[in-house]
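Single-structure report; data block below.
The values are calculated or read from the model by the stated rules, or taken from the named source; none is laboratory data. Computed from a predicted model, the values in this text were never measured in an experiment. When we count neighbours, we look across all protein chains shown, and the Cβ atoms used for this are built from the backbone with ideal geometry, even at glycine.
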Amino acid sequence: MKKIIFHGTLLLLCALCLGCMHRQSSHFDYSLPEHPRLIKSQEGIASWYGRDFHGKRTSNGDIYDMNKLTAAHKELPLGSRVRVTNLENRRQVDVLINDRGPFVRGRIIDLSYAAAKALDMVDQGTALVRITLLSPPPSMTKGKESPAPSSSYYGVQAGSFARRENARQLYEKLQVLTQDVFMETTTCGGRTCYQVRAGWFVNRRQAEELARRFKSKGFEAIIITQDHN
C-alpha cells in the first residue's frame, strides 16, 4: 500500500514539474520577426502576465511593473500606444507596448496585470480582444528610426468579411489547422471589413505550404505580403 502511495505521489510531482517547465519555456518557444511593423488593427486572443515577471527588465529596458498599463506584442514597435477592447464585455484600456511576446501560439498580446484587471479578464486568463493603434513611438514620428530592409513577410488570407461574426467562425475553424491564425480589422472599399489570416513568415515557402493545407481542407487561401517597414 505504501509503495502504491509513493508511486502516486511521485507521478503527481512529475506532472507538476512538467507543468512548471511548460509555463516557463512557453515564453521562449517562437522567434520574433526580424523587424517590427505597424498594425493598425488586429483581433485575437489576449493573455496577461503578472507577479512572476514583476521587477524584471522588459524588452525596451523598462522594469516591468504589473500595476502599470503596459503590454507585450511580437511585432508592434516598442513605444507604440494601443487601445485594447475586450470583445466579450466591451471594456477598453490604453496601454504602452514595452515588451515582446506572447510566445504562445494563438495569442496576439500579453497584458500587464493592471491592464487585464481593467478589461475584467484576470480570472479567466484570456479573452478575445481587438487592438487598435493609437500612436507609433515618438522615434518614428520624428523620422529618427532607421529604415528596415526592403523585404517582406508572407502570410495566407483565408477570407474577408463585412460581418465580424462570419470572420470569427472561420477563425475558429482554422485554429484546428494552425495556431498562427488571427483576425485583422481593416478597410475594404471605404468600409470596415474583417480578414482572417495566418502567418507572418519570413520564407514564402512556409506560407505556400500553409495555403496548400487550407485548400486541402476546402478553405480558400491566397498568399499575401507585408513589407517590413
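Please state which one of Gly125, Gly61, Gly101 is in contact with a Lys or Arg (Cβ under 8 Å, 6 or more places away or on another chain) and either modelled with pLDDT of 95 or more or on the phi > 0 side of the Ramachandran plot (or both).
On the way: Gly125 fails: in contact with a Lys or Arg (Cβ under 8 Å, 6 or more places away or on another chain); Gly61 fails: in contact with a Lys or Arg (Cβ under 8 Å, 6 or more places away or on another chain).
Among Gly125, Gly61, Gly101, only Gly101 is in contact with a Lys or Arg (Cβ under 8 Å, 6 or more places away or on another chain) and either modelled with pLDDT of 95 or more or on the phi > 0 side of the Ramachandran plot (or both).
When you look at Val122, is it in contact with a helix residue (DSSP H, G or I) (Cβ under 8 Å, 6 or more places away or on another chain), farther than 17 Å from Leu76 by Cα and of a type outside the set (Phe, Trp, Tyr), yes or no?
On the way: in contact with a helix residue (DSSP H, G or I) (Cβ under 8 Å, 6 or more places away or on another chain): yes; farther than 17 Å from Leu76 by Cα: yes; of a type outside the set (Phe, Trp, Tyr): yes.
It is true that Val122 is in contact with a helix residue (DSSP H, G or I) (Cβ under 8 Å, 6 or more places away or on another chain), farther than 17 Å from Leu76 by Cα and of a type outside the set (Phe, Trp, Tyr).
Ser152 passes all but one of (1) at pLDDT 85 or above; (2) farther than 27 Å from Thr58 by Cβ; (3) among the hydroxyl-bearing types (Ser, Thr, Tyr); which number fails?
With (1) at pLDDT 85 or above; (2) farther than 27 Å from Thr58 by Cβ; (3) among the hydroxyl-bearing types (Ser, Thr, Tyr) applied to Ser152, the lone miss is (1).
Let me confirm something: among Phe214, Phe219, which residue is at pLDDT 90 or above, closer than 14 Å to Ala167 by Cα and either surrounded by fewer than 17 Cβ atoms within 10 Å (Cβ to Cβ) or not acidic (Asp, Glu) (or both)?
Numbers: Phe214 fails: closer than 14 Å to Ala167 by Cα.
After applying the criteria, what remains is Phe219.
Name the pairs whose Cβ atoms lie under 9 Å apart, with the first residue in the stretch 90-101 and assigned by TED's automatic domain parsing to the domain that holds Ile63 and free of Cβ contacts under 8 Å to residues at least 60 places away in the same chain, the second part of a loop (DSSP other than H, G, I, E, B) and of a type in the set (Gly, Ala, Ser), and 6 or more positions between them or separate chains?
Partner pairs satisfying both residue conditions: Leu96/Gly79; Leu96/Ser80; Ile97/Gly79; Ile97/Ser80; Asn98/Ser59; Asn98/Gly61; Asn98/Gly79; Asp99/Ser59.
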